[in-house]
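Asker: One structure is given below, represented as structure tokens, and several questions about it will come after.
Bear in mind these aren't lab numbers, they're just calculated from the coordinates by the rules spelled out. Please read all numbers here as calculations on a predicted model, not as lab measurements. Every residue, glycine as well, gets a Cβ built from its backbone with ideal geometry; the counts of neighbours run over all protein chains shown.
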Amino acid sequence: MNWVIKEKLTCEFLTFESTNFGGRMSRIQVFPSGRQGEVEGTVGSVIVAGSFGLRIIFCEAPSEDDWESRPWRAVVMTKGKCFRSKEGRLNIRVPNLDTIDEPNALRASSDFESSYDHVDHAIDGKGWTYGRTGMLAGRVKTIIIDRVPED
């Protein structure tokens, strides 16, 4: 996995090989001093914990170069979309990287599958999730972690 951490920030996320938080789980912690943990296997679903404004971009591209031209998906910690865990941390759940569900969903909806908002460039994205649609689950090669620009 290629990692691009643009700022000194703190967050944690869990990746799962399969959709609906199934398969092998990996725990990644990001601190101002660096990252701890590695994605084991592929990424099909994810749970993100962090502060408002945190953005994690899952990319099919093997590097930071020209990643916006291939499938990618951004998950943004946005007020009104995060929920609090039992421990009181802000979280967002993504049960399937290829479809959109409510940010607190425990499973991907099998009744109503819809894609997240398609944008060509991350700077054009709005809301808690957006990206360049395409088959991304199981094909993530780069993870970019940053903060969304404030208006």
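Asker: Run I92 past the list (1) at positive phi; (2) part of a strand (DSSP E or B) and report the number of the one that doesn't hold.
Answerer: Unmet condition: (1).
Asker: Under the condition of being closer than 18 Å to G53 by Cβ and in contact (Cβ under 8 Å) with a residue 40 or more places away in the chain, which residue from the stretch 83-112 is surrounded by the most Cβ atoms within 10 Å (Cβ to Cβ)?
Answerer: The qualifying residue surrounded by the most Cβ atoms within 10 Å (Cβ to Cβ) is V94.
Asker: Name, by its number, the condition in (1) within 19 Å of V30 (Cβ to Cβ); (2) out of contact with any Cys (no Cβ under 6 Å at 6 or more places or on another chain) that does not hold for T142.
Answerer: That leaves (2) as the condition not met.
Asker: Can I ask one more? Starting from residues that are under 13 Å from the mean Cα position of the chain (by Cα) and part of a strand (DSSP E or B), keep the ones in the stretch 97-131 and report whichever is farthest from D65 (Cα to Cα).
Answerer: T129
Asker: I'd like to check something: does the stretch 72-82 contain any residue that is surrounded by 21 or more Cβ atoms within 10 Å (Cβ to Cβ) and basic (K, R)?
Answerer: Yes; the residues of the stretch 72-82 include at least one that is surrounded by 21 or more Cβ atoms within 10 Å (Cβ to Cβ) and basic (K, R).
Asker: Sort out which residues of the stretch 11-34 are in contact with a strand residue (DSSP E or B) (Cβ under 6 Å, 6 or more places away or on another chain) and closer than 15 Å to I143 by Cα, and write them in order of number.
Answerer: Within the stretch 11-34, C11, E12, F13, L14, T15, F16, S26, R27, I28, Q29, V30 meet the criteria.
Asker: Also, I was wondering about something else. Could you list, in sequence order, the residues of the stretch 49-69 that are part of a loop (DSSP other than H, G, I, E, B) and in contact (Cβ under 8 Å) with a residue 40 or more places away in the chain?
Answerer: Within the stretch 49-69, G50, S51, G53, E60, A61, P62, S63, E64 qualify.
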